[in-house]
Amino acid sequence: MKETQRQKQKSQTRKQIIEAALKQYAKTGLIKTPTIEIAKSAKVSHGTIFAHFPTQDVLLTEVIEEFGFRVNKRLHELVEGKSTVEEILKAHLEGLTEYEDFYIRLVSESRLLPPQAQDTVIMIQSAISHHLSRAAEIEMSEGKLKKLPLHMVFNGWIGLIHYYLTNHDLFSPGESVLKRYGQELTAYYMALLQVRI
Amino acid sequence: MKTCIACGMPMEKTSDFAAGDVNKDYCVYCARPDGTMQSYDEKLDSMTEFIVRTQGLDKKAANEAAKSMMARLPAWKV
């Protein structure tokens with residue numbers, strides 16, 4: 001009985017650390033946030049962090065993985081029932097807007113992160129590339145969209161939104177770049193893809 | 001919500017599940033035509049092919065990423 005209570009407490013503390021890290025990393029960056037700041041924000045001692053996560057890299061990788069899981073789940077919910085490319089692009093931006101601060105850190109710093117964390121980025125992209133490709137294939141075969149390679153349709157979109165996200169301080173200081181430009185980005189990208197009649 | 005043990009996809013609708021069976025722990029994309037779950041090698045190949053086709057990654061890089069993603073999923077964890 002006592003053991004169960006202790007395990008419960010342990011898992012609660014672990015969750016508390018992950019939640020605090022998600023907020024702190026989004027605020028001050030993935031690479032440069034010291035674990036002491038995460039400890040303060042989680043209201044635990046610095047040593048407690050390392051009792052749960054042996055190294056800073058393990059903590060970072062687990063937090064990024066948790067983030068990937070949440071974003072994927074949310075994106076999946078949002079694209080549910082959406083069948084056109086335009087609807088999927090809108091749902092993608094809606095999902096990312098909810099996690100914008102952390103996502104910006106992730107894509108800005110991804111090349112400097114441990115390999116496992118980089119794979120999480122590919123996992124997040126896969127959730128969207130799957131739905132986008134399926135919708136694009138149908139609309140291309142119906143003659144609504146230009147016949148373009150699927151990976152270029154996806155990478156063109158990602159390139160565009162990541163440019164705005166990673167330069168958010170230039171495009172929309174102090175406010176959400178996706179909220180401010182989301183509509184314009186979607187309309188522009190759709191205009192590139194659509195077949196003119 | 002259940003998550004596919006073999007690829008990590010969240011499964012909500014009946015049609016997300018293998019053979020439309022909500023008791024299954026794997027999704028429609030991880031099932032063979034007869035409804036059984038794909039082997040590790042089959043899944044690794046199909047996930048690599050999917051990443052190359054929809055994201056344009058180099059085949060070897062896509063294969064490495066697929067291996068790493070699969071290593072974290074319940075069906076393939078050692």
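The values are calculated or read from the model by the stated rules, or taken from the named source; none is laboratory data. Quick caveat, the model's predicted, so the values are computed rather than measured. When we count neighbours, we look across all protein chains shown, and the Cβ atoms used for this are built from the backbone with ideal geometry, even at glycine.
Details
- Filter result for the condition that a residue is modelled with pLDDT of 95 or more and assigned to a helix (DSSP H, G or I), over A:GLU86, A:GLU77, A:GLU94: A:GLU86
- Residue list for segment A:144-160, restricted to those being more than 10 Å from chain B (Cβ to nearest Cβ) and aliphatic (A, V, I, L, M): A:LEU145, A:LEU148, A:LEU160
- All positions within segment A:32-49 that are among the polar types (S, T, N, Q) and either more than 19 Å from A:ARG105 (Cβ to Cβ) or touching a strand residue (DSSP E or B) at 6+ places or on another chain (Cβ under 7 Å) (or both): A:SER45, A:THR48
- Unmet criterion (only one of (1) touching a helix residue (DSSP H, G or I) at 6+ places or on another chain (Cβ under 9 Å); (2) in a helix (DSSP H, G or I); (3) modelled with pLDDT of 95 or more; (4) not basic (Lys, Arg)) for B:ASP41: (1)
- Single residue of B:ALA65, B:ALA19 found to be within 22 Å of A:GLY68 (Cβ to Cβ), free of Cβ contacts under 8 Å to residues at least 24 places away in the same chain, of a type outside the set (Ser, Thr, Tyr) and not in a loop (DSSP other than H, G, I, E, B): B:ALA65
- Failed item in (1) modelled with pLDDT of 95 or more; (2) surrounded by 15 or more Cβ atoms within 10 Å (Cβ to Cβ), with B:LYS60 passing the rest: (2)
- Residues in segment A:75-131 that are within 12 Å of chain B (Cβ to nearest Cβ) and under 16 Å from A:GLY182 (Cβ atoms) were compared, and the one that is surrounded by the fewest Cβ atoms within 10 Å (Cβ to Cβ) is A:LEU78.
- Number of residues in segment A:41-74 that are within 11 Å of chain B (Cβ to nearest Cβ), of a type outside the set (Val, Ile, Thr) and touching a residue at least 40 places away in the same chain (Cβ under 8 Å): the value is 4.
- If the condition is being part of a helix (DSSP H, G or I) and either surrounded by fewer than 16 Cβ atoms within 10 Å (Cβ to Cβ) or in contact with a strand residue (DSSP E or B) (Cβ under 6 Å, 6 or more places away or on another chain) (or both), then segment A:143-159 contributes A:MET152, A:GLY156, A:GLY159.
- In segment A:86-107, the residues that are touching a residue at least 60 places away in the same chain (Cβ under 8 Å) and within 15 Å of A:TYR25 (Cβ to Cβ): A:GLU100, A:ASP101, A:PHE102, A:TYR103, A:ILE104, A:ARG105, A:LEU106
- Considering residues of segment B:42-57 that are over 17 Å from A:GLY156 (Cα atoms) and of a type outside the set (A, V, I, L, M) only, the residue farthest from the other protein chains (Cβ to nearest Cβ): B:GLU42
- Restricting the first member to segment A:123-150 and to residues that are closer than 28 Å to A:GLY68 by Cβ and in contact (Cβ under 8 Å) with a residue 12 or more places away in the chain, and the second to residues that are basic (Lys, Arg) and not in a loop (DSSP other than H, G, I, E, B), the beta-carbon pairs closer than 7 Å and six or more apart or on different chains are A:LEU150/B:ARG53.
- Selected residue [closer than 16 Å to A:ALA127 by Cβ, under 12 Å from the mean Cα position of the chain (by Cα) and more than 11 Å from chain A (Cβ to nearest Cβ)] from B:ALA18, B:ALA6: B:ALA6
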